[in-house]
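Student: Next up is a structure, given as structure tokens.
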Amino acid sequence: MSRKVDSVKDINDSKETWRLDVRIMDVWSVVNNKGIEHLEMIIMDSLGDRIQVLIRHDHLLKWKEVIKENMTCIINNGSVYNNDFQWKVCDHSKKIVFLGGTTMKAIELQNIPSKGYFFKDFGEILQGKCKTDRLEDIIGAVSEINHIQSNTPGKKVVVSVVLKDLKGNCINCNLWEIYGSKFLAYYNDPKNNGAIVILLTHAMVKDGEVSNAWSGSKLLINEDIPEIQDFMSKLPTNEQKEKPTQSAKSLSNWCSSKAPNPEKAYECSCGQKVEQPIPRYKIEIYVSNGESKYRFVFWDSECATILGMTAEFMHNTMVENQSKTEYAKLVPNKENLETCAKTLSASGENDPESIILMTPAKDVVIADKGEEVDFEASGATQLSGTKPSKKLKIEPSS
């Protein structure tokens, strides 16, 4: 005679002989600072109650290849302790620890809900209604990239984005290391256009912001799963077509190199491999005001907003709609396109901290009517010494 099936909500430390019919909702590996690995997972029964499970290092080989995410199974026996995990993934006050006598049998159980997510409301995050030791599932549309830190000596990759929910609430989301690199790879791929919806599991919540956990978090970007597709379908039509932009602050953290060849893959000076360079705007305007002369620099996101199109779209449109000869006249040297996949600056001396950079000339040249002014000679372009001379024709007033 088979044993009675226990409910997850009834689990306590009074015994070790439990029989649980469950679905494995999530499983992940954790490696401590000594290099010792163990497994953790979340199981859920037919009532939707969940509990966290620990498989210690000494039982790892027995279970690592057997346990599969989303499988249903019968678990017999296991020690029950207080849930003292530093980071908890569910509300159950207890945890189960596999023993040498623990058994698990894979079986099809139709009465247990399919794998799903338990999304934290952005409004509650902003109001501080979160447990400090609780990991949450997050879903939102990226509205802006406000910080990018490259993988340089002494620094780890981190990408900070603003996520917006369907109610219009916005929170900051920090993606560290492989999570940040995964996001940048998707964002910089020219094939990926339109809105970006991300789903982050096991997110740490602190001070109204979220970030990935060092172990266990999964990052899904525009993937073909019901949760993401449903979220995307509920966005306003115009937002579904808009790719998020980088703020001026994020642009100042990008490396300062350009693609050696806009048509070929290369390794950026920051160490990241770039499969396909992406055109970026950089527009310089020289203005004369009386005896002073100024240089204005407009960077990628501001230019795209003003012109109503990205540099990549403009470039592709020019190639498609004009003959090679006409295009060559407009862009005689394609190698001068500002096309680093992580920057919009052509050389290291340019600092995109400010949206507009105003530089008074040190040596002012006052031009007579009809005289050509060489801005390079007058010092108006000293911040960009690698640029060729630009001349302004001053016409006589009528």
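Student: Which condition does I112 not pass, out of (1) assigned to a strand (DSSP E or B); (2) surrounded by 11 or more Cβ atoms within 10 Å (Cβ to Cβ), if it passes all the others?
Tutor: All conditions are met except number (1).
Student: Still on this structure, please answer the following. Please note which helices (runs of 4 or more DSSP H) are completely contained in segment 194-295 and include at least 2 residues that are modelled with pLDDT of 75 or more.
Tutor: Result: 226-233, 237-240.
Student: I'm checking my understanding of the structure. Among residues of segment 141-154 that are in contact (Cβ under 8 Å) with a residue 60 or more places away in the chain and among the small types (G, A, S), which one is surrounded by the fewest Cβ atoms within 10 Å (Cβ to Cβ)?
Tutor: Taking the candidates together, the pick is S143.
Student: Which one is surrounded by the most Cβ atoms within 10 Å (Cβ to Cβ) among residues in segment 6-62 that are among the β-branched types (V, I, T) and part of a loop (DSSP other than H, G, I, E, B)?
Tutor: I11
Student: Any chance you could count how many residues in segment 129-174 are part of a strand (DSSP E or B) and among the charged types (D, E, K, R)?
Tutor: 5
Student: Please indicate, with yes or no, whether at least one residue in segment 80-93 is among the hydroxyl-bearing types (S, T, Y) and open to solvent by less than 70 Å² (accessible area, probe 1.4 Å).
Tutor: In the first step, residues of segment 80-93 are kept if they are among the hydroxyl-bearing types (S, T, Y); the result is 81, 93.
Checking the rest, the ones that are also open to solvent by less than 70 Å² (accessible area, probe 1.4 Å) come to none.
There is no residue in segment 80-93 that is among the hydroxyl-bearing types (S, T, Y) and open to solvent by less than 70 Å² (accessible area, probe 1.4 Å).
Student: Would you call D84 part of a loop (DSSP other than H, G, I, E, B), under 18 Å from W28 (Cα atoms) and acidic (D, E)?
Tutor: It is true that D84 is part of a loop (DSSP other than H, G, I, E, B), under 18 Å from W28 (Cα atoms) and acidic (D, E).
Student: Of all residues in segment 155-180, which are open to solvent by 40 Å² or more (accessible area, probe 1.4 Å) and either more than 25 Å from P236 (Cα to Cα) or among the acidic types (D, E) (or both)?
Tutor: Answer for segment 155-180, where residues must be open to solvent by 40 Å² or more (accessible area, probe 1.4 Å) and either more than 25 Å from P236 (Cα to Cα) or among the acidic types (D, E) (or both): K155, K156, W176, E177, I178.
The values are calculated or read from the model by the stated rules, or taken from the named source; none is laboratory data. Bear in mind that the values here come from a model prediction, so they are computed numbers and not experimental data. A quick note on method: Cβ atoms are made from the backbone with ideal geometry, for glycine too, and the neighbour counts reach across all protein chains shown. To get the accessible areas, we keep the full protein, side chains included, count just its heavy atoms, and leave off ligands, DNA and RNA. Shrake-Rupley method; radii C 1.70, N 1.55, O 1.52, S 1.80 Å.
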